[in-house]
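Student: One structure follows; several queries about it will come next.
Every number in this text was worked out from the coordinates using simple rules, so none of it is lab data. All of these numbers come straight from a predicted model, not from anything done at the bench. Using ideal geometry, Cβ is built from the backbone for each residue, glycine included, and neighbour counts are taken over all protein chains shown.
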Amino acid sequence: MPVRRGRWTAAAAAQARVVARMRGRGHSLEDLKRAGHEGRLAFGFSEDLFPKPQEQVTVAQVARETGLEPELVERILVILGTPLERERLLDPNDVEALRHCARALAAGFPLVAFLQLVRVYAQSLRRIADAEVRLFHLYVHEPLIRDGVPELEMAEEMGGLAGDMLPLASPLIDYLHTRYLRFFLEQDVIGHMESELDASADLGQVPVTLCFIDLTGFTRYTEEEGDLEALDVVENFVETVEGTLPPEATIVKTIGDEVMVVSADAASLTEWAVALLARLPERPRPRVGIHCANAVYRDGDYFGTHVNLAHRVVTRAQAGEVLVTGQVTAAIRRRDGLAFEPIGEVNLKGFPVPTPLFLVRAA
């Protein structure tokens with residue numbers, strides 16, 4: 001029931017707020033009534049899962065309590081994605097997060113590095129939360145709508161499932177964070193042992209092997225086979241990349257049918273790339289471009305001229321080819337399992353000087 005003992009329930013009040021917002025966007029009462037009966041507005045359970053704190057404080061108060069400058073408080077909140085209301089008031093959750101930030105900075109962690117780290121946290125967890133909501137909608141909410149489940153029953157069922165799932169998220173994220181933190185600490189130690197410090201590299205740059213992989217002719221394939229078939233191909237492609245990567249390599253990002261991978265070991269990454277193409281012989285076939293250099297590391301990603309160069313290299317490869325620069329062949333020196341065939345100096349878009357490229361095959 002929307003009213004209990006003369007008072008609105010939290011779910012009903014939440015739904016009323018949604019209706020008011022929808023009315024403000026121009027939706028008619030008839031449309032909203034129909035949407036309500038179909039269960040498309042049945043999300044009031046979130047009020048119980050995420051109760052809104054009543055206490056609020058100003059940015060100035062938080063700055064005095066934490067010792068952070070007000071401008072820095074606002075900058076951190078912008079990075080976190082925490083909205084500042086017109087009155088610029090914060091709730092206790094905002095304050096607690098800023099206390100953690102103040103402790104990290106007081107411990108001596110450099111501000112420039114800390115702000116990058118907070119940005120990576122925010123971007124990663126924003127993506128996680130977005131995926132949680134979208135997948136819950138696609139595989140829980142939509143089926144209930146199609147089955148014609150009554151609105152209140154739907155809200156109750158969704159609330160029960162969400163309430164059971166929500167406590168699992170933080171322990172799983174903590175587990176994965178610890179697992180990957182241990183792995184990358186080990187990789188960092190190995191990197192220091194196996195490579196000399198490059199005195200020419202600027203602060204914030206790291207020596208790395210950059211690799212781009214994409215699917216040739218993917219746009220045409222999508223037009224011919226349809227979006228769903230193309231999506232299956234991309235998912236299989238990305239899963240194959242993830243499942244076969246050498247231990248020291250990391251996927252930085254995926255953009256459509258393109259994957260960016262980095263590694264501290266040029267040889268193992270190049271061997272893996274050659275083997276990957278042998279695993280995926282059918283259309284649309286992948287192609288690979290690899291380059292070694294110092295790259296700017298910022299916000300969990302890699303930037304700079306050499307990243308652009310690596311990306312240009314993959315665009316010159318044909319389907320089923322691995323193209324590498326001279327820096328890669330120099331880093332690998334000799335590898336019995338690989339054969340390098342020079343294809344000459346190639347003009348790459350945006351680079352005034354031709355770049356020597358080599359075609360790599362299994363020896």
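Student: Could you give me the ³J(HN,Hα) list for region 246-252, computed from phi with Karplus coefficients 6.51, -1.76, 1.60 and θ = phi - 60°, whole Hz, x at Gly and Pro?
Tutor: x, x, 7, 9, 9, 7, 7
Student: Once the Cβ-Cβ distance between Val252 and Ala20 is put in as r, and R0 is 30 Å, what FRET efficiency do you end up with, to the nearest 0.05?
Tutor: Computed FRET efficiency for Val252 and Ala20 comes out at 0.10.
Student: Follow-up question, since we're still on this one. Compute the whole-percent fraction of alpha carbon pairs in region 81-173 spaced more than 20 Å apart.
Tutor: 58 percent
Student: Same structure, new question: What's the exposure ranking of Arg179, Arg119, going from fewest to most Cβ atoms within 10 Å?
Tutor: Listed from fewest to most nearby Cβ atoms, that is Arg179, Arg119.
Student: Among Cys211, Cys101, what is the fewest-to-most ranking by other Cβ atoms within 10 Å?
Tutor: Cys101, Cys211
Student: Calculate the translational D of region 196-362 in whole µm² s⁻¹ from Stokes-Einstein, where the hydrodynamic radius comes from the Kirkwood formula applied to all Cα pairs, the temperature is 4 °C and the viscosity 1.567 mPa s.
Tutor: Values: Rh = 16.3 Å.
Reported coefficient: 80 µm²/s.
Student: For a footprinting-style exposure proxy, rank Met158, Met22 by other Cβ within 10 Å, fewest first.
Tutor: Met22, Met158
Student: Compute from the Cα atoms of region 261-346 the Rg and the Dmax, the latter being the longest Cα-Cα distance, and quote both in angstrom.
Tutor: Gyration radius and largest Cα-Cα distance of region 261-346: 13.1, 37 Å.
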